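The values are calculated or read from the model by the stated rules, or taken from the named source; none is laboratory data. Given the structure is predicted, the values throughout are model-derived calculations rather than measurements. Don't worry about glycine lacking a Cβ; one is built from the backbone with ideal geometry, like all the others, and counts go over all protein chains shown. Protein only, heavy atoms only, side chains kept; ligands, DNA and RNA dropped before computing areas. Shrake-Rupley method; radii C 1.70, N 1.55, O 1.52, S 1.80 Å.
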Amino acid sequence: PLYRANLAEYTRAFRQESYGRLVSERLDGTARQLLEAAIALKQPMLQLSTFAPFTIDELVLKCPPTLECGRKPDAATVSKYLDTMCEDPVVKMASALNGKYMLNLQEMGNAIKQMTLESVIKFKFGELSARLYRMLLRGHARGECVAHGMRKYEVKQLADMAVLPDGETRPLLMRLLQAEYVLLQEVARTNDHNPRSTVYLWYVEPERAYRTLEAELLRTMHNLQARIKFERARQAEAVREVDPTGDGAVHEDPTSEGAQRLWLAQRRVDFLSHALLKVHETLMVVR
């Protein structure tokens, strides 16, 4: 028989895990249990952009006997959690529809991508840059994660919104512009395009920002793979040093210098391999 990887199932499981992590971070483990039960209830509909509606009674029957909060699944508890998911200020994880509920999987996926991008900006450029970027990316006072409708701002507007001086805001934006995470539009008021009379508007194109991040992640994966190859070669040298006969038995004291080098080489390979998996996970979220 011939075997092949079930990429569709892999993608489905990965997305479900991402949704569960988001709900758990926004609410708690009980909300994640309800999400997983709802997904299991309407499993065939996961490939669609919209999720099939379900009733509270249907969800209660699909829940485990005891929820993480310590309660048994009843209509009142399930309804309370679903209403909270519908009213989340960052992303509406569910919607109410004529006495039924529906998971907003597409909005949750979009929110996961935006939060991942914001966390990368915070790590690379700092907290103040992340604050400016969040305003540009979300473009709403309430801070919802949205896919379209991004606004364009002048430096002074962004500085006032972020409670930062103009002199600090502009360098932060320039660093983001050089990294291609933000864009700058020039709106000339005169035919000669005089810089003094030109308005400069800062904005973000989410899809372009995701592609920039994707390119960086691919470069990082390439560098990690090259470093793992190098470290494995060093590990093989350390193995030959402690096991010159190649019979699999260590012929040196575990506290010797050679055994310590082997242990450190293995630690480096394990650390780099774990980092490679985390980068690949982030890449899957962005894609």
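In the stretch 42-55, of all residues being open to solvent by 30 Å² or more (accessible area, probe 1.4 Å) and at pLDDT 60 or above, the one that is farthest from T77 (Cα to Cα) corresponds to Q43. Is it the case that the stretch 58-65 has a residue that's part of a loop (DSSP other than H, G, I, E, B), open to solvent by 50 Å² or more (accessible area, probe 1.4 Å) and modelled with pLDDT of 85 or more? Yes: the stretch 58-65 contains one or more residues that are part of a loop (DSSP other than H, G, I, E, B), open to solvent by 50 Å² or more (accessible area, probe 1.4 Å) and modelled with pLDDT of 85 or more. Look at the stretch 4-18: where a residue is of a type in the set (K, R) and a partner is part of a helix (DSSP H, G or I), sitting 6+ places away or on another chain with Cβ atoms under 6 Å, you get R12/L46.
Rundown of residues vs (1) modelled with pLDDT under 90; (2) surrounded by fewer than 17 Cβ atoms within 10 Å (Cβ to Cβ), yes/no style:
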{"position": "A96", "(1), (2)": "yes, yes"}
{"position": "G99", "(1), (2)": "yes, yes"}
{"position": "G109", "(1), (2)": "yes, no"}
{"position": "I112", "(1), (2)": "yes, no"}
{"position": "L117", "(1), (2)": "no, no"}
{"position": "V120", "(1), (2)": "no, no"}
{"position": "G126", "(1), (2)": "no, yes"}
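Kindly provide the set of residues from the stretch 174-204 that are in contact with a strand residue (DSSP E or B) (Cβ under 6 Å, 6 or more places away or on another chain), farther than 16 Å from L132 by Cβ and open to solvent by 30 Å² or more (accessible area, probe 1.4 Å), ordered by number. Listed by number, the residues that qualify are Q185, E186, V187, A188. Checking T220, T212 one by one, the residue that is open to solvent by 40 Å² or more (accessible area, probe 1.4 Å), closer than 22 Å to Q114 by Cβ, within 21 Å of the chain's Cα centre (by Cα) and at pLDDT 90 or above is T220 and no other.
When residues in the stretch 160-191 are screened for being over 18 Å from L137 (Cα atoms) and touching a residue at least 60 places away in the same chain (Cβ under 8 Å), 0 of them pass. When restricted to residues that are open to solvent by less than 50 Å² (accessible area, probe 1.4 Å) and at pLDDT below 85, the stretch 148-161 contains 1. G20 meets the conditions (1) more than 30 Å from P171 (Cβ to Cβ); (2) surrounded by 19 or more Cβ atoms within 10 Å (Cβ to Cβ); (3) within 18 Å of the chain's Cα centre (by Cα); (4) not polar (S, T, N, Q) in every case but one. The failed one is (2). Residues in the stretch 93-114 that are within 19 Å of A40 (Cβ to Cβ) and charged (D, E, K, R): K100 alone. Selection of first residues in the stretch 260-275 that are touching a residue at least 24 places away in the same chain (Cβ under 8 Å) and of second residues that are of a type in the set (A, V, I, L, M, F, W, C) and not in a helix (DSSP H, G or I), restricted to Cβ pairs under 9 Å at least 6 apart or on distinct chains, gives the following pairs, ordered by first then second residue: L262/V250.
The rows are residues; the columns are (1) closer than 29 Å to D57 by Cα; (2) in contact (Cβ under 8 Å) with a residue 24 or more places away in the chain; (3) not polar (S, T, N, Q).
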{"position": "E87", "(1), (2), (3)": "yes, no, yes"}
{"position": "A96", "(1), (2), (3)": "yes, no, yes"}
{"position": "Q114", "(1), (2), (3)": "no, yes, no"}
{"position": "F123", "(1), (2), (3)": "no, no, yes"}
{"position": "L128", "(1), (2), (3)": "no, yes, yes"}
